[in-house]
1. Give me the distance in nm between label points sitting 7 Å out from Cα along the Cα-to-Cβ direction at Asn43 and Lys97, one decimal.
2. What is the magnitude of the charge dipole of the range 4-98 about its Cα centre, with +1 placed on the Cβ of each Lys and Arg, -1 on the Cβ of each Asp and Glu, and no other charges, expressed in debye to the nearest 20?
3. To the nearest 500 deg cm²/dmol, what mean residue ellipticity at 222 nm is calculated for the chain from DSSP H runs of n ≥ 4 alone, each contributing -39,500 (n - 2.57), summed and divided by the residues?
4. Taking the beta-carbon count within 10 Å as an exposure proxy, list Met80, Met1 from fewest neighbours to most.
5. Return the label of the correct value of Kirkwood radius over Cα pairs in Å, as calculated from the structure shown, out of (1) 14.3; (2) 13.4; (3) 13.8.
6. Could you line up Glu25, Glu90 from fewest to most neighbouring Cβ atoms inside 10 Å?
Amino acid sequence: MKSFNERCYEILRKVPKGKVTTYKEIARGLGTKSYRAVGNAMNKNPRGFLNKGDVPCHRVIGSDGNLVGFAHGLKKKAEMLRKEGIKIKEGKIDLKKYGFKFR
């Protein structure tokens with residue numbers, strides 16, 4: 001059986017380049033309301049993109065569209081998202097345009 005963290009990473013891999021999701025949306029996709037636990041899992045991700053991994057934690061933002069929580073800093077997170085074509089205005093991302101939901 002996979003750990004909660006591994007399940008978080010597995011579902012996050014489904015978020016395509018140029019899209020973002022939220023901690024709350026990942027929790028919903030996993031069938032739980034533990035979005036803080038999702039944030040904790042993202043923080044502990046040993047296989048992030050900066051480490052040449054396959055788990056794009058930089059694509060996870062706050063439910064209000066704010067850039068939040070990234071082990072390498074929000075400046076780096078914003079840089080990575082902009083390289084994927086995501087527009088950031090006043091520290092926020094338009095979830096209607098760039099948001100990814102798990103069905």
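Read the figures in this text as sums done on the coordinates, not as results from a lab. The shown structure was predicted, so the numbers you read here are calculated from the model rather than taken from an experiment. Ideal geometry is used to build each Cβ from the backbone, glycine not excepted, and the neighbour counts take in all protein chains shown.
1. Distance between the two pseudo-spin positions: 3.1 nm.
2. Dipole about the Cα centre, nearest 20: 160 debye.
3. After summing the helix terms and dividing by residue count, I get -10000 deg cm²/dmol.
4. Sorted ascending by nearby Cβ count, the order is Met1, Met80.
5. Computing Kirkwood radius over Cα pairs in Å and matching it to (1) 14.3; (2) 13.4; (3) 13.8 gives (2).
6. Glu90, Glu25
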